[in-house]
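What follows is a single structure, written as structure tokens, with notes after it.
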Amino acid sequence: MGFVTKLIPRSAPLRLAGGALPVAGARPDEGSMPVVGVRPYEDGDREGVLGMRLSTLSLYRRFFAGTPRIPAFYAETLSRVDHWDRDALVAVAGTEIAGIAEYTRDATLPGLADLAVMVADPWQRRGVGRRLVTGLTRLARARGIGELRADVLVDNHAARAAIGGLWPHAAAAHGEDGALIYRITLQDG
């Protein structure tokens, strides 16, 4: 079962194919092909992001710590999205936030930004993260960011494969915490 992705404007009402209203709680593997919209993060998305369906493994791979839910500090981080130095895109399926990708510009090296991606478990391995990162990369380049840094746990093979798929020449160094640190040069285009 695949899905359709389209870029939707901020605050646009979300509708499924044929103009139907989204069904709350619908899973991506139920019914017809769901529409996944990608749009800029808004303050009203905070609760949806904090309520994403994530396993403890997914949370560990995103936050590098065992936690039963998205950490409280992350909510504060989301409140600082300014759509320039810190930006985020969300993938929305019906009323559900299916994923979020964000960058944070390095204050001392303004051409460099940290990249982070989180996709709800039911939407993993369906291209949601790729679409989010592709859109976010375009925004970053337009804002003068020429390089991304991504920290990935060594055993996060899905993230490593995704980076390799988007940037085949990306190389990683081993960080002090055991993570791989990718430095990704963004190409024009």
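The values are calculated or read from the model by the stated rules, or taken from the named source; none is laboratory data. Keep in mind it's a predicted model, so treat the numbers as computed, not measured. Neighbour counts are summed over all protein chains in view; Cβ atoms, including those assigned to glycine, are modelled from backbone coordinates with ideal geometry. When the accessible area is computed, the model is the full protein with side chains, heavy atoms only, and any ligands, DNA or RNA have been set aside. Shrake-Rupley method; radii C 1.70, N 1.55, O 1.52, S 1.80 Å.
Annotations for the structure displayed:
- Once the range 36-63 is narrowed to residues that are in contact with a strand residue (DSSP E or B) (Cβ under 9 Å, 6 or more places away or on another chain) and basic (K, R), the residue that is least open to solvent (accessible area, probe 1.4 Å) is R39.
- Qualifying residue in the range 64-82 (condition: assigned to a strand (DSSP E or B), at pLDDT 95 or above, surrounded by 14 or more Cβ atoms within 10 Å (Cβ to Cβ) and of a type outside the set (K, R)): no
- Residue in the range 67-86 that is in contact with a Ser or Thr (Cβ under 9 Å, 6 or more places away or on another chain) and touching a residue at least 60 places away in the same chain (Cβ under 8 Å) present: no
- The single residue among G165, G135, G178, G94 that is at pLDDT below 95, crowded, with 17+ Cβ neighbours inside 10 Å and not polar (S, T, N, Q) turns out to be G94.
- Count of residues meeting criterion [open to solvent by 30 Å² or more (accessible area, probe 1.4 Å) and assigned to a strand (DSSP E or B)] in the range 97-114: 3
- Among the residues of the range 105-124, just one is under 24 Å from G48 (Cβ atoms), charged (D, E, K, R) and in contact with a strand residue (DSSP E or B) (Cβ under 8 Å, 6 or more places away or on another chain), namely D114.
- Within the range 87-104, not a single residue is charged (D, E, K, R), out of contact with any helix residue (DSSP H, G or I) (no Cβ under 8 Å at 6 or more places or on another chain) and closer than 20 Å to A150 by Cα.
- Count of the range 118-132 residues which are open to solvent by less than 50 Å² (accessible area, probe 1.4 Å) and in a helix (DSSP H, G or I): 5
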